[in-house]
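Chemist: So that we are looking at the same thing, I have put the structure below in structure tokens.
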Amino acid sequence: MDLNIKNLSVTIEEKKIIENLNIDIEAKNLVGIIGPNGSGKSTLLKTIYRVLKYNEGSIYINGKDIKVMSLRETAKEMAVVAQHNEQEFDFNVYDMVLIGRSPHKKFLERDSRDDYEIVDEALEKVDMLAYKERKYNSLSGGEKQRIILARALAQQTNCLILDEPTNHLDIKYQFQFMNIAKNLDITVIAAIHDLNIASLYCDEIYALKDGKIVKSGSPTDIFTEKLIYDLYEVESRIIKEDGKINILYKPY
Amino acid sequence: MIRDKKYIIISVLLIALLMLSIVLSIGFGSMDIPIKDIYATIMNKMFNLGDISRVKQSTIDIVWLIRLPRTLLALAIGMGLSVTGIIMQSIVKNSLADPYILGVSSGASFGATLAIMLGVGVSLGSNYIGIAAFIGAFITSILVILLSNIGGRSSSTKLLLAGMAVSSIASAFSNLIIYLADNKDGIRTITYWMMGSLAGASWDNIKILIPIVFLSTLFFMTQYRVLNLMLLGDETATTLGMDLYKYRLLYLVVAALNVGFAVYAAGVIGFIGLIIPHIVRIVVGIDHKKTILISGLTGSIFLIWMDVLARTIKPGSEVPIGILVSIIGAPTFIYLMISKNYNFGGTK
């Protein structure tokens, strides 16, 4: 899925969070959004996945303005893994993933054998098939996040939006989670806090500060000691190895 | 799939049990009636089958004009309150919600208080108290929905808070009227009415209530996907292609209609709309594909037998059904809660 954002501005309670932003994302790229807290990463993603309204500019999915698309249409194009996943009511893991089929279902249409297969495949992909009869709330943080990823996969979209998906996960699960996302062969847009994770997995990175794009490009292009200082006010040293970069923070 | 098989078996068993309960329950009362007479009367009157010349006319009248309407009223109200209980819990995303959460019971009792104490609506016919209660209930529900939409779209929390606020106002005014009126008989009537009774059953109110309850239960059964999304919240629902706002409004109006008519026919029967959804969730989980029908059937059966108790436990008079629902329902619930390690649909 192609995503084009033109001159986007988002104002929340009279404060401009995103200002005149332009982003062009090519299909099947894994695109990272980095930036300090309050830089507008989440706001940007929430605007793309339509939880927040925008004031100016336009967002196009495959050349189509999202303002003329129904929520159901966009839900068939992009799936979201976010952090707000604590549940008051406790679903079965299987039912939780099955809900991912909702956008494809017409009024009165029952779940079909295909849906069950899709759910099994999605659970298989995140390596959680053995947990399908468990209660969602009985899972650990990493397991919950993988179930939400499976639900997003069951949506069968061409784009996946990850809103700081690996927060609260330990390193093993962070890698596991990003590996799954990387191997999907669809467009992935992810807000990422860990710069080393971003540099390892992203094809392209947008660095955001105060609602504006400071720099964009491939990880090797954009990561410099200066950029990291500009964004986070942290001293660092960058080591290049096998074409990948590693960021060491001071004091080191 | 195995899970669906279990659901289908439970549903079929409950439907059979409901049919059986309808026939059996009619036998109980101040005068016991044999099952074969009940069966013959129902078959003849409803489907024009068989011969009832050997059955005494007085028996036919008791079955057809008194007991059957009463059983059907219990069926309708048990189903209506249990289903709206689930709907309300999903709409406000809170497992403590019940059908009366939007101030419906306070609104209804305010209407009833006006009717009983001040004679408002006497010209509306014999069930003017019920009509006044219905109007009170419906107005409060609409008021709560409107209030929760002020300053942006309504959310679960705003609905809950608006419900509480409107409810307090309605109760305060009811109490003020009761306090100023100084009418001991009136107070007794209101108290009795607040505990609920199915004694007012007649074919006239069955004809209104049964279609409303059945149609709205069927309607909500088709809405299971939206209801499941409601439990996940607005943001997740948006990413799954659903704007919950208009559905919430629609469901609230349908629920208010259900509860309003239940109140009109039988006063306020508490607790059933809270407890049946939870009992059902203990057994089949929280998926609305299963909970709606099963709650409806369970609620019907439960209320039918509570009403049998209400009219037989103390010969010559009736115990208010609301009392029995709580006395028997609550310990059952506590037992299930302990034995199944239930977390009210939520986290441990």
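The values are calculated or read from the model by the stated rules, or taken from the named source; none is laboratory data. The shown structure was predicted, so the numbers you read here are calculated from the model rather than taken from an experiment. Note that each Cβ is placed from the backbone with ideal geometry, even for glycine, and that neighbours are counted across all protein chains shown. These accessible areas exclude ligands, DNA and RNA; they are computed on the full protein's heavy atoms, side chains included. Shrake-Rupley method; radii C 1.70, N 1.55, O 1.52, S 1.80 Å.
Each row is one residue, and each column tells you yes or no for (1) facing chain B (nearest Cβ under 10 Å); (2) open to solvent by less than 30 Å² (accessible area, probe 1.4 Å); (3) closer than 21 Å to A:Ala82 by Cα; (4) in contact (Cβ under 8 Å) with a residue 24 or more places away in the chain.
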{"site": "A:Lys105", "(1), (2), (3), (4)": "yes, yes, no, no"}
{"site": "A:Tyr116", "(1), (2), (3), (4)": "yes, no, no, no"}
{"site": "A:Val126", "(1), (2), (3), (4)": "no, yes, yes, yes"}
{"site": "A:Ala152", "(1), (2), (3), (4)": "yes, yes, yes, yes"}
{"site": "A:Gln156", "(1), (2), (3), (4)": "no, no, yes, yes"}
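Chemist: Does A:Leu98 meet the test of being closer than 25 Å to A:Ser9 by Cβ and either buried (at least 22 other Cβ atoms within 10 Å of the Cβ) or facing chain B (nearest Cβ under 8 Å) (or both)? Walk me through how you get there before you give the answer.
Modeler: Numbers: closer than 25 Å to A:Ser9 by Cβ: no; either buried (at least 22 other Cβ atoms within 10 Å of the Cβ) or facing chain B (nearest Cβ under 8 Å) (or both): yes.
No: the conditions fail for A:Leu98.
Chemist: Inside the stretch A:151-233, counting only strands (runs of 3 or more DSSP E) that do not spill past its ends, which hold 2 or more residues that are more than 14 Å from the chain's Cα centre (by Cα)? If you could, list the steps in order and put the result at the bottom.
Modeler: Values: elements: A:159-163, A:187-191, A:204-209, A:212-217.
Answer list for the stretch A:151-233: A:204-209, A:212-217.
Chemist: Quick one: which of B:Ser90, B:Ser53, B:Ser109 is in contact (Cβ under 8 Å) with a residue 24 or more places away in the chain and more than 30 Å from B:Gln223 (Cα to Cα)? Can you show your working first?
Modeler: Details: B:Ser90 fails: more than 30 Å from B:Gln223 (Cα to Cα); B:Ser53 fails: in contact (Cβ under 8 Å) with a residue 24 or more places away in the chain.
Just a single option satisfies the conditions, and that option is B:Ser109.
Chemist: Mind telling me which of the residues A:Lys41, A:Lys28, A:Lys76 ends up being within 14 Å of another protein chain (Cβ to nearest Cβ) and either under 20 Å from the mean Cα position of the chain (by Cα) or among the aromatic types (Phe, Trp, Tyr) (or both)? Walk me through how you get there before you give the answer.
Modeler: Details: A:Lys41 fails: within 14 Å of another protein chain (Cβ to nearest Cβ); A:Lys28 fails: within 14 Å of another protein chain (Cβ to nearest Cβ).
Within the list A:Lys41, A:Lys28, A:Lys76, the selection yields A:Lys76.
Chemist: Of the residues A:Asn92, A:Asn62, A:Asn55, which single one is at the interface with chain B (Cβ under 9 Å from one of its Cβ atoms), touching a residue at least 24 places away in the same chain (Cβ under 8 Å) and open to solvent by 10 Å² or more (accessible area, probe 1.4 Å)? If you could, list the steps in order and put the result at the bottom.
Modeler: Working: A:Asn62 fails: at the interface with chain B (Cβ under 9 Å from one of its Cβ atoms); A:Asn55 fails: at the interface with chain B (Cβ under 9 Å from one of its Cβ atoms).
On inspection, the qualifying residue turns out to be A:Asn92.
Chemist: Is one or more of the residues making up the stretch B:176-187 polar (S, T, N, Q) and either buried (at least 18 other Cβ atoms within 10 Å of the Cβ) or part of a helix (DSSP H, G or I) (or both)? Let's see the steps before the verdict.
Modeler: So in the stretch B:176-187, the residues polar (S, T, N, Q) come out as B:183.
Checking which are either buried (at least 18 other Cβ atoms within 10 Å of the Cβ) or part of a helix (DSSP H, G or I) (or both) leaves us with none.
The answer is no; no qualifying residue exists.
Chemist: Scan the stretch B:258-275 and tell me whether some residue there is more than 17 Å from B:Asn94 (Cα to Cα), at pLDDT 95 or above and away from every other protein chain (no Cβ under 14 Å). Working first, answer last.
Modeler: Initial filter on the stretch B:258-275 (more than 17 Å from B:Asn94 (Cα to Cα)): B:258-270.
Adding the requirement that they be at pLDDT 95 or above leaves none.
No: zero hits.
Chemist: Also: Restrict the check to the stretch A:81-96 and report whether at least one residue is within 20 Å of A:Asn179 (Cα to Cα) and at pLDDT 90 or above.
Modeler: Residues of the stretch A:81-96 that are within 20 Å of A:Asn179 (Cα to Cα), as a first pass: A:81-83.
After this cut, where a residue has to be at pLDDT 90 or above as well, the list is A:81.
For the stretch A:81-96, residues within 20 Å of A:Asn179 (Cα to Cα) and at pLDDT 90 or above: present.
Chemist: Look at B:Ser300 and say whether it is surrounded by 24 or more Cβ atoms within 10 Å (Cβ to Cβ), of a type outside the set (Lys, Arg) and more than 11 Å from chain A (Cβ to nearest Cβ). Outline the logic, then answer.
Modeler: Values: surrounded by 24 or more Cβ atoms within 10 Å (Cβ to Cβ): yes; of a type outside the set (Lys, Arg): yes; more than 11 Å from chain A (Cβ to nearest Cβ): yes.
It is true that B:Ser300 is surrounded by 24 or more Cβ atoms within 10 Å (Cβ to Cβ), of a type outside the set (Lys, Arg) and more than 11 Å from chain A (Cβ to nearest Cβ).
Chemist: Would you check if there is a residue in the stretch B:216-226 being more than 14 Å from chain A (Cβ to nearest Cβ) and in contact (Cβ under 8 Å) with a residue 24 or more places away in the chain? Step through it out loud before you land on a result.
Modeler: First, the residues of the stretch B:216-226 that are more than 14 Å from chain A (Cβ to nearest Cβ): B:216-217.
The next check asks that each one be in contact (Cβ under 8 Å) with a residue 24 or more places away in the chain; those that pass are B:216-217.
Checked the stretch B:216-226: at least one residue is more than 14 Å from chain A (Cβ to nearest Cβ) and in contact (Cβ under 8 Å) with a residue 24 or more places away in the chain.
Chemist: Right, here's the next one. Tell me whether the stretch B:1-24 contains one or more residues that are surrounded by 15 or more Cβ atoms within 10 Å (Cβ to Cβ), over 23 Å from the mean Cα position of the chain (by Cα) and not in a helix (DSSP H, G or I).
Modeler: No, the conditions are met nowhere in the stretch B:1-24.
Chemist: Enumerate the pairs (first residue in the stretch A:22-49 and surrounded by fewer than 20 Cβ atoms within 10 Å (Cβ to Cβ); second residue anywhere and of a type in the set (Lys, Arg)) with beta-carbon separation below 8 Å, excluding pairs fewer than 6 apart on the same chain, so at least 6 apart or on different chains.
Modeler: Listed pairs, sorted by first residue: A:Asn22/A:Lys6; A:Pro36/A:Lys209.
Chemist: Within the stretch B:34-83, which residues are assigned to a helix (DSSP H, G or I), of a type in the set (Val, Ile, Thr) and surrounded by fewer than 21 Cβ atoms within 10 Å (Cβ to Cβ)?
Modeler: Within the stretch B:34-83, the first condition is being assigned to a helix (DSSP H, G or I), and the residues that meet it are B:35-47, B:57-83.
Filter once more, keeping what is of a type in the set (Val, Ile, Thr): B:35, B:38, B:41-42, B:59-60, B:62-63, B:66, B:71, B:77, B:83.
Listed by number, the residues that qualify are B:Ile35, B:Ile42, B:Thr59, B:Ile60, B:Ile62, B:Ile66.
Chemist: Being crowded, with 24+ Cβ neighbours inside 10 Å, assigned to a loop (DSSP other than H, G, I, E, B) and of a type in the set (Val, Ile, Thr) is the requirement here; does B:Ile87 meet it? Break it down into steps so the answer makes sense when it comes.
Modeler: Details: crowded, with 24+ Cβ neighbours inside 10 Å: yes; assigned to a loop (DSSP other than H, G, I, E, B): no; of a type in the set (Val, Ile, Thr): yes.
No, not satisfied.
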